[in-house]
Number of protein chains: 2
Amino acid sequence: MKIALAQVNPTVGDIDGNQSRIVEWIEKARAEGANLVVFPELAVFGYPPKDLLLRQDLIRRNVRAMEQIAERCVGITAMVGYVQPDPSGAGKGIFNSAAICRDGKIHASYAKRLLPTYDVFDETRYFSPGSGPLVTEIDSGSGTIRLGLTICEDLWNDRQFIGRRVYGFDPIRQTAAAGAEVIVNLASSPYVAGKQAEREAIFAEQIREQGAPLVYVNQVGGNDDLIFDGAGLVLDGKGQVIARTEAFAEDLLYADLETGGRVESYPDRIPGICRAVVLGIRDYIRKCGFEKVIIGLSGGIDSALTAALAVEAVGADRVCGVAMPSRFSSDHSLSDAEALASNLGIAYSVIPIEDVHRSMEIAVADHFKDQSPGIAEENIQARIRGAILMALSNKFGWLLLTTGNKSELAVGYCTLYGDMCGGLAVLSDVPKTVVYEMSRYLNAEAKRPGIPENVLTKPPSAELRAGQCDQDSLPPYEILDAILEHYVEEDMSVDDIIGCGFDRATVEEVVRMVDRNEYKRKQAPVGLKVTSRAFGSGRRMPIAARCH
Amino acid sequence: MKIALAQVNPTVGDIDGNQSRIVEWIEKARAEGANLVVFPELAVFGYPPKDLLLRQDLIRRNVRAMEQIAERCVGITAMVGYVQPDPSGAGKGIFNSAAICRDGKIHASYAKRLLPTYDVFDETRYFSPGSGPLVTEIDSGSGTIRLGLTICEDLWNDRQFIGRRVYGFDPIRQTAAAGAEVIVNLASSPYVAGKQAEREAIFAEQIREQGAPLVYVNQVGGNDDLIFDGAGLVLDGKGQVIARTEAFAEDLLYADLETGGRVESYPDRIPGICRAVVLGIRDYIRKCGFEKVIIGLSGGIDSALTAALAVEAVGADRVCGVAMPSRFSSDHSLSDAEALASNLGIAYSVIPIEDVHRSMEIAVADHFKDQSPGIAEENIQARIRGAILMALSNKFGWLLLTTGNKSELAVGYCTLYGDMCGGLAVLSDVPKTVVYEMSRYLNAEAKRPGIPENVLTKPPSAELRAGQCDQDSLPPYEILDAILEHYVEEDMSVDDIIGCGFDRATVEEVVRMVDRNEYKRKQAPVGLKVTSRAFGSGRRMPIAARCH
């Protein structure tokens, strides 16, 4: 049997556009002689639709699109994710479903049974769970074969919750028990660094237990903070990968359950993070309809990496860099920014802020007299830069990319309405230590000079006062990032983190900074998620609260 | 039987502080001869705890606090909301529970069965549902009486979802069937304008059906965006209100099931919104630990109302107003701002922005040449004002209050990093038409001049260019607010809104503006929720998406 894994990149809510793409790929797969073509979870609507699911008009249009797609399924079977209204009106009134389309109509629909409601997932907010397995027979060309439909979380179930039952049952086992010879899984599973290895291990374990091969098709593309990495799979009955689609790109792959198909490699950790972020930038720009992006170039590593990734995403001719030196900027800041822009081949201009800075100082002078200089004075400079970048963004319709990294955002080492300005925070889930790794990797990959070596080696500084250096205010980044991983990603307590071998005073200070800066993160732009816990929709913290 | 309704105002995560308050009120109730004292849902932890519930150390501390509270319950029974670990480790591992404390220990715990997961609620993200009713016997002084415990949503169940079964069963009916003679409900039910009447109607219907009286104790206080209004109730078996605690304030009320108790009145709509917002401001300031607030006074009605409400919340001596006139400011802007400050008795200063404005124009002049002036130039002024206010906020540790209303925020008639700056958006869920109603009400209530009459009568303008007027860019506010209510609060489609009698072009333009400005709202400060759907945690929209 020839199976097509149709790894599409839908836009959330763009039902017409998504429908066209799906129909186009069904035609292609039929032309190639495929018996079956499988699309990702909610391919008609795009994932995650969020509160667009509360819009009855959009639900109806998605049903109409699904019916029209089914009409095109003659001489081929398609499995397509869509939002299925529950005619009983019970529960939430809709299911997260997969339609089996053949003979010009929707033959049957399977409703997802396990609805993830943790981290970035809110599925019980919207969907009722399905109530049982669905096995369908399909003509493989050489006899019928029984396929069991499942959707994303169904395949993970309690295996991802180490040592704790969350769902308490295994839809895969039930699907196999209902007679499925092959498990099909339609997914919209977001990228996290390291997750593909986990996926393949968990899926292999499942499949070995049931002895049935697996066809897994994942959404690809960036939708706001979430990056879907694709990397669809065919696993044989022993759990071996016999086909893998490309990661981080649309792909239509043909595979046979016995002989497999093309096996694309999945990138290693640092290349993977780079490709994820590049895809996240590209799709945010494309799906929002921007022509160009603008980036403030400080001469530091975060803005340098952001610019390099933006160039990868949309090309140098669509990236504009602006340096905004102040009285505290060192000479190398400007020369490094200029060298970077020149290396990357992007537009570059310099807008000194001294005059605006001085006029702001005069404006607040009466209020600030008798006060010693501090954070307020530093933030003024960052906010002037933010206002200049936003003025250019507003005037020319360019998207401002925010350059801050996760370590800074965690401890509040950034200025709200200053360097936090922008529509997309490219590195806000990338710890500072990983920023260096990514930069060195991109430089090594590039065929020409990229991020200037001096940017990689000089001590990081915000340059908002004379002689400032990050490490005067913060622990060394290796220690800071390790503590943050325990506290933010793993929800560990202060005592447990100290138990891992860190200094008590340092841990307490870091944790205090994280908690105190929740108000800044509340107003942060959308940031691209690459770790198991990003700031944003996956971490929902109160502000007017005590945490210790 | 003498029952104490202990309407406390917990701080989220402040387990020690909440425990002290609970113990203090248990002592009081015992001293007054109460047989039973009832606290709100999750009183030990504060509601909503959000992702603090993922912190195992906080869960353990909440259990220890609950045990220590129980130790103090001798000679009285207390019912207290807390987070109860599920020893089986199944599901989410914790329950949203109510402990029955007597004889110095936790006698039993009831786990909430209906977990709201819609609007601002995420309870299935955290909690497992309880599996059955709990009825406990209590010595009333004149024989035993059987009380059935329930928590918040249990009492609402499917009655709030008109025409659709969501939960499919009624825990109140089951509790009555299990022998409860009285229903007790521990709640943390947030304020929405008009909701108290709905509560009393739904509760009365429930109680009449079961024939059992109701004791309902609701949390009071502001926790970030949510304002809890208290207004606890005792309903007799016929559904009549025979006791009501104060709204928007802590209250310890004693009632008897036959004779009732004190019956406080619940404020009407506009006074209610004012009291809600005042409580929201006051608690955000107190729970975050701010001394003073700062407000940019434009001479317009939004900033005037914000200042008046802030004065109600924390007193005139803790409110600072700053006027920042530009070349486009009319004379009345400055005189109205000054009159307002003088009427309210708040600190007032003037910081003209002309020089900073000019220096910013010069800074971007090279880039802006050959461009016609537009939004970018307007936003520059708003961002200078934002930067000045934030400089004062940073220097003196004052909380900047954001003054924009819901109508503006909906259609993006506001500047990101400009007038959207601030830690708390006081009016971001108050439509412009209601801003006028609240202002007139506050003026009528005040014993001295408040918001100057000219502020109430002049046509609203952002004054960011010569001769600007809101109604040049927007439909009349009466029409705009009506369309927004349909689209934002009711999720109606464009066609359905037009079907209500609105002009197609106007509806399409408003809806387009709402959708296009999702990115601004993503970065908006916490806003106080007063309608059935506020922007923020109750409305989760994608950005890089199409909605039509």
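The values are calculated or read from the model by the stated rules, or taken from the named source; none is laboratory data. Bear in mind the structure is a predicted one, so any value in this text is a computation, not a measurement. So basically every Cβ, Gly included, is an ideal-geometry build from the backbone, and we count neighbours across all protein chains shown. Note: areas computed on protein heavy atoms with side chains; ligands, DNA, RNA excluded. Shrake-Rupley method; radii C 1.70, N 1.55, O 1.52, S 1.80 Å.
Largest first, the three principal axis extents of the alpha carbons in segment A:475-528 are 34, 21, 21 Å in whole numbers. Of the residues B:A534, B:L305, A:V350, the one whose Cα sits farthest toward the positive end of the charge dipole of the protein assembly as shown, with +1 on the Cβ of Lys and Arg and -1 on the Cβ of Asp and Glu, is B:A534.
Which GluC sites (Glu not before Pro) from segment A:461-539 combine a DSSP loop assignment with at most 15 other Cβ atoms within 10 Å? Those satisfying the criteria are A:E490.
Just the protein heavy atoms count here, and of the accessible area of chain A at 1.4 Å, carbon and sulfur take up 50 percent. Sort segment B:1-80 into rounded, prolate or oblate with this rule: let a ≥ b ≥ c be the square roots of the eigenvalues of the Cα gyration tensor; rounded if a/c is under 1.5, and if a/c is not under 1.5, prolate when a/b is larger than b/c, oblate otherwise. Prolate shape, in that a/c is at least 1.5 and a/b is the bigger ratio. Alpha-carbon geometry of segment B:1-146: the Rg and the Dmax are 15.0, 45 Å, given in that order.
Residues of segment A:51-74 that bury at least 20 Å² of accessible area once all protein chains are present, compared with their chain alone (1.4 Å probe, heavy atoms only, ligands and nucleic acids left out), are A:D51, A:L52, A:L54, A:R55, A:D57, A:R61.
Reported to the nearest whole Å, the Cα centre-to-centre distance from segment A:249-263 to segment B:440-459 is 71. Using alpha carbons only, what's the Rg to Rh ratio of the protein assembly as shown with Rh from Kirkwood? Reported Rg/Rh (Cα atoms, Kirkwood Rh): 0.97.
A straight line joining the Cα centroids of segment A:339-353 and segment A:277-332 runs 10 Å. Which residues, if any, in segment A:383-420 have at least 20 Å² less accessible area in the whole protein complex than in the isolated chain, probe 1.4 Å? Listed in order, they are A:R383, A:A387, A:I388, A:M390, A:A391, A:L392, A:N394, A:K395, A:F396, A:Y417. At a threshold of 40 Å², the residues of segment B:198-229 that become less accessible to a 1.4 Å probe in the full protein assembly than in their chain on its own are B:D224. Taking every DSSP bridge with both residues inside chain B, close to 55 percent are antiparallel.
A Cβ-based charge dipole, computed about the Cα centre of chain B with Lys and Arg at +1 and Asp and Glu at -1, lands at about 1160 debye. With all protein chains kept in place, the per residue accessible area of segment A:244-380 amounts to 40 square angstrom at a probe of 1.4 angstrom.
Summed over the residues of segment A:383-447 and divided among them, the accessible surface reaches 25 Å² per residue at a probe radius of 1.4 Å. Helices in the protein assembly as shown, meaning DSSP H runs of at least 4 residues, each add -39500 (n - 2.57). Divided by all residues, the mean residue ellipticity at 222 nm is -11500 deg cm²/dmol. A viscosity of 1.002 mPa s and a temperature of 20 °C, combined with the Kirkwood radius over Cα pairs in Stokes-Einstein, give a translational diffusion coefficient for segment B:290-355 of 183 µm²/s. Grab the other residues whose beta carbon is less than 9 angstrom from that of B:I145, score K and R as +1, D and E as -1, and report the net. Taking every Cβ under 9 Å from that of B:I145, the sum is -2. So which GluC sites (Glu not before Pro) in segment A:285-347 are both in a DSSP loop and have at most 14 other Cβ atoms within 10 Å of their Cβ? The qualifying sites are A:E291. One way to sum up the overall shape of segment B:133-221 is the equivalent ellipsoid from its Cα gyration tensor, whose semi-axes run 23, 16, 11 Å, largest first. Helix A:15-31 axis versus longest C-alpha principal axis of chain A: approximately 50°, rounded to the nearest ten. Annotation note: chymotrypsin sites (Phe, Trp or Tyr not before Pro) in segment A:166-242 located in DSSP loop regions with a Cβ neighbour count of at most 16 within 10 Å are A:F169. With the alpha-carbon atoms of segment B:387-427 aligned to their principal axes, the span from lowest to highest coordinate is 33, 17, 9 Å, starting with the largest.
Of the residues A:Y519, A:L114, A:I69, the one whose Cα sits farthest towards the positive end of the charge dipole of the protein assembly as shown is A:L114 (charges of +1 on Lys and Arg Cβ, -1 on Asp and Glu Cβ, taken about the Cα centre). Total buried accessible area between A and B, probe 1.4 Å, nearest 100: 7600 Å². The angle separating the long axis of helix A:331-344 from the principal Cα axis of greatest extent in chain A is about 30 degrees. The magnitude of the dipole of segment A:30-159, with charges of +1 and -1 set on the Cβ of Lys/Arg and Asp/Glu and taken from the Cα centre, is near 280 debye.
Each other residue within a Cβ distance under 11 Å of B:T259 adds +1 if Lys or Arg and -1 if Asp or Glu, for a net charge of -2.
Each Lys and Arg contributes +1 and each Asp and Glu -1, all at the Cβ; summed about the Cα centre of segment B:1-71, the dipole is approximately 80 debye. Counting only DSSP beta bridges whose two residues both lie in segment B:240-396, roughly 20 percent are antiparallel.
Shielding value for B:118-126 is 4, the average number of Cβ atoms from other chains within 10 Å of each residue's Cβ. Secondary structure note: in the protein assembly as shown, about 55% of the DSSP beta bridges are antiparallel. Accessible surface for segment A:452-509, divided over its residues, is 48 Å² per residue with a 1.4 Å probe. Computed from the Cα positions only, the extents of segment A:181-337 along the three principal axes stand at 70, 28, 22 Å, in decreasing order. Placing unit charges on the Cβ atoms of the charged side chains and taking the dipole of the protein assembly as shown about its Cα centre, the candidate lying farthest along the positive direction among B:V192, A:L233, B:L334 is A:L233.
Computed over the alpha carbons of chain B, Rg followed by Dmax gives 25.4, 89 Å.
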